[in-house]
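None of the figures in this text is laboratory data; all of them are computed from the coordinates on show. In this text, all values refer to a predicted model and were calculated from it rather than measured experimentally. Positions of Cβ are generated from backbone atoms using ideal geometry, with glycine treated the same way; all protein chains shown enter the neighbour counts.
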Amino acid sequence: MSKRIDAVDLNVYYGNFRAVEGVNINIEPRSVTAFIGPSGCGKTTFLRTINRMHEVLPGARAEGRLLLDGEDIYDPGVDPVTVRTMVGMVFQRPNPFPTMSIRDNILAGYKLNGTRMSKSTADGIVEKSLRGANLWNEVKDRLDKPGSGLSGGQQQRLCIARSIAVEPDVILMDEPCSALDPISTLAIEDLINELKDNYTVVIVTHNMQQAARVADKTAFFNIAGTGKPGKLIEYDDTSVIFNNPSNKQTEDYVSGRFG
Amino acid sequence: MTISNDTAAPQRTSVPGGKKKNSLTAGQKPGWTWIAVLAGALVVAAGITALLGGGSFSWVGWLVIAAVLYVLGMYLATRVIENSRRATDGLWRNLVWAAFLLALIPLISVLWTVAANGLPTLLETPQLLWRDMQGVTGSDDIATQTEGAPLAGGFLHGLVGTLMITLLATIISVPIGLLTSIYLVEYGRGGWFSRAIVFFVDVMTGIPSIVAGLFAFAAVQLVITTFIGDGPRQLQMVKMGLSAAIALSVLMIPVVVRSTEEMLRVVPNELREASYALGVRKWRTIFKVVLPTAMSGIASGVTLSIARVTGETAPILVTAGYIATTNWNPFDGWMTALPVYIYRQLINPTAPAAADPSAERAWAAALVLIVIVMLLNLIARIVAKAFAPKKTGR
């Protein structure tokens, strides 16, 4: 479980447009790393290159090296599907499968791939994942009800449970709380704190307080202007980024003087 | 208020000017205006119709004139009592209603005519449903028309033909149509090839059904002469249920492709990404996430396309012919479909001298055909409901 992530001179393109330029970053295992920055600065784009979800979009590609425990996931011949089983992802809007019950949503990673398992194994996975996502007590009596019947915050925790059910090494979260109320956000943030005992967690957020609350390290992305590629400006311990940033742009952004 | 009332119910706070006329509702026409205008329109229209018609009184003319007078009368009344803005509003509302009723007239008229002509025959001789025309001759029909003998024959062969041909056409079209739309939505990504497919599918939706019939006939003939032989016996084989099914699939595939494509496009991309992010391969994502999510729409689209081709006449007449006996085998021998049966019974009555029994059979068959199409539509709705993603458990 839990792998380190190293990006080496990573450029990300949409067709001919370079969206993210020359990212070099080292993310430790069993840590929470937050990506912050203004809209359009490429933080989500970079996040999606970590599990090769980026190339699902037509014309999108990445150049450079991205190492997962020293192994380049962009090596020719690497199957993106294998990468995605190791690197799970939680999206901005909760997206449980509407045709499936809560239980089937948790088991989706196995069932969709046609994996056969005994009922007791499946029950074990469901309970472990839901407990891991702090959702077990709320849904244990209605596992056969549709997942879309839960509240937004519960749905998002269901999605987190669904991604930890397949036991990935890394969990990516793309603004997981932006569609949620403060109480649900608190539940998710508590969960992120627990998840880092076992997983490498990378989270994109627009909420700087959230980055300050949950992240061990924070990376600040910025763009020079529209049509220019996004860049990693500064990457350091969260306390350094928020209290004593070395770059002027970072300081302007975290102090609210920006834009 | 009396004291006894006060104890029974808490005292109402008195509204200032409770009984007085509300200034907000002042200047409105009274609620019975439309009844008065309608009654006036009916009376005046009756007079006009009687004058114009001379001796005879036309009910249709009366209703049409009354409707026009009512719309005009309401406009003028509102304009005089209230203002021109409300009058225009009311005028348009009445015109929209009139258009709706006009659109409804042919529909109800067709249903009524078919039911009125077909239902008595069907109730009197339900044997029509399980008898075919084998051994029925002109003398039977003459006996029915002149001596009141029971109606001979039936249209079991038509029911069987329609069932087998439509079933076969569905088996051919649904996989092709489904996979084509999956290609268009999931793989084509708007490239030149998928744009070409969309263009030709649109062209296919517009081709006349007789052309589809001739195409299927020519195609099957080509295959048979190339691979089996071109003797008279082999050429005879061309006319069979399968040829008709191919003709119907030419008509069905574009409908299935277009409806399924729409359904697949509305499946949120988030669900595909959620599935990819779990390490699920693309084809499994399509078959286990995208298709189930879109299943209700796809199923109703397929059922509607079946309903659409069930009523086709010309392509089946060209490709499957017309026989009097029941043939269950769509791969060998001619078959009769219900619409072809109706057409033949009306155009070429079994007894040219006594056409009424043939017409009665045709009306009964038409009623059964309409009932089948309505049932298919009903099934489409039920299927759509059954497959729809469960929305809430809250």
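Annotations for the structure displayed:
- Pairs with C-alpha atoms separated by more than 29 Å, drawn from the list A:43/A:111; A:111/B:385; A:140/A:196; A:43/B:288, are A:43/A:111; A:43/B:288.
- Taking A:206, B:157, A:54 and counting other C-beta atoms within 10 Å, the order from fewest to most: A:206, A:54, B:157
- Which of A:120, B:109, B:347, positive extreme of dipole for the protein assembly as shown (C-beta unit charges): B:109
- Each Lys and Arg adds +1 at its Cβ and each Asp and Glu adds -1 at its Cβ; summed about the Cα centre, chain A shows a dipole of about 640 debye.
- Summed side-chain charge close to residue A:44 - residues other than residue A:44 whose Cβ falls under 11 Å, Lys, Arg +1, Asp, Glu -1: 0
- Per residue, chain A reaches -9500 deg cm²/dmol at 222 nm when only DSSP H runs of four or more residues are counted, each adding -39500 (n - 2.57).
- Result for chain B in a Gaussian network model with C-alpha springs under 10 Å: among B:322, B:183, B:70, the largest mean-square fluctuation is at B:70.
- Which of B:238, A:78, A:20 has the fewest Cβ neighbours within 10 Å, and the rest in rising order: A:78, B:238, A:20
- Spatial separation of Cα centroids for region B:47-92 and region A:82-144, in angstrom: 66 Å
- Neighbourhood net charge (15 Å Cβ-Cβ; Lys/Arg +1, Asp/Glu -1) for residue B:284: +3
- Centre-to-centre separation between the Cα atoms of region B:276-315 and those of region A:222-243: 46 Å.
- Comparing B:143, B:307, B:46 in a Gaussian network model of chain B (Cα springs below 10 Å), the most mobile by mean-square fluctuation is B:46.
- Kirkwood's formula applied to the C-alpha pairs of chain A gives a hydrodynamic radius of 18.8 angstrom.
- Antiparallel beta bridges, as assigned by DSSP with both residues in region A:130-259, represent about 60 percent of the total such bridges.
- Per-residue [θ]222 nm for chain B (sum of -39500 (n - 2.57) over DSSP H runs n ≥ 4, rounded to 500): -23500 deg cm²/dmol
- Averaging Cα coordinates gives a centre for region A:34-57 and one for region B:332-394; these two points are 56 Å apart.
- Residues A:17, A:242, B:215, B:227, sorted so that the one with the fewest Cβ neighbours within 10 Å comes first: B:227, A:17, B:215, A:242
- Sum of side-chain charges, residue B:321 neighbourhood, beta-carbon under 12 Å (Lys, Arg +1; Asp, Glu -1): +2
- Where both bridge residues fall in the protein assembly as shown, DSSP classifies roughly 55% of the beta bridges as antiparallel.
- GNM remark for chain B: springs join alpha carbons under 10 Å apart, and the peak mean-square fluctuation among B:180, B:313, B:144 falls on B:144.
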